[in-house]
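Enquirer: First the structure, which I've put down as structure tokens, then a few questions once you've had a look.
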Amino acid sequence: MTSSSRDLPAVELAVTLDRRGTAAVLRVAGEIDLVSAPEFGEVVDAVLAGGPETLVVDLRAVTFFCSAGLQVLAAAHRRLPERGLRVVSDSPVTSGPLRTTGLDAWIGIHATVDEALNR
């Protein structure tokens, strides 16, 4: 029996930060899985270290979202004031896990960044 290896395509996680007053807006694109969730968590931690009152995480360009991503959001929720974490989602890929786990009771889900910022 011979073994072979091949390079599998890596899915990159792209994150951009925009500051709007006392709020930080993270726009995330790609897959949040077991491999990329630690990187996502590091970015969220770095943003929270800056002390925003509100963190808006725009997940509209996320194509896969697993429990490791939920853990990152739950940890961020615990570090912010009540209703300080808001998620933007227009897809069941990202809003489904939040609703299924009941995290949507603590983390607001919004259709747009502007809607999330105006809450």
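The values are calculated or read from the model by the stated rules, or taken from the named source; none is laboratory data. The shown structure was predicted, so the numbers you read here are calculated from the model rather than taken from an experiment. Glycine gets a Cβ as well: all are built from the backbone with ideal geometry, and neighbour counts include every protein chain shown.
Enquirer: Which residue pairs have Cβ atoms closer than 9 Å, lie 6 or more positions apart in sequence or on different chains, and pair a first residue in the stretch 27-53 that is farther than 21 Å from D90 by Cα with a second residue that is in a loop (DSSP other than H, G, I, E, B) and among the polar types (S, T, N, Q)?
Expert: G51/T22; P52/T22; E53/T22
Enquirer: Please go through the stretch 83-95 and give me each residue that is touching a residue at least 24 places away in the same chain (Cβ under 8 Å), loosely packed, with under 13 Cβ neighbours inside 10 Å and at negative phi, ordered by number.
Expert: none
Enquirer: Filter the stretch 98-119 for residues that are surrounded by fewer than 19 Cβ atoms within 10 Å (Cβ to Cβ) and touching a Leu at 6+ places or on another chain (Cβ under 7 Å) and give the result.
Expert: If the condition is that a residue be surrounded by fewer than 19 Cβ atoms within 10 Å (Cβ to Cβ) and touching a Leu at 6+ places or on another chain (Cβ under 7 Å), then T101, L103, D104, I109 are the ones that fit.
Enquirer: Which of the residues spanning the stretch 96-119 are of a type in the set (K, R) and touching a residue at least 24 places away in the same chain (Cβ under 8 Å)?
Expert: Across the stretch 96-119, the qualifying residue is only R119.
Enquirer: For the stretch 78-89, which positions are over 17 Å from D45 (Cα atoms) and either part of a strand (DSSP E or B) or at pLDDT 95 or above (or both)?
Expert: Matches in the stretch 78-89: V88, S89.
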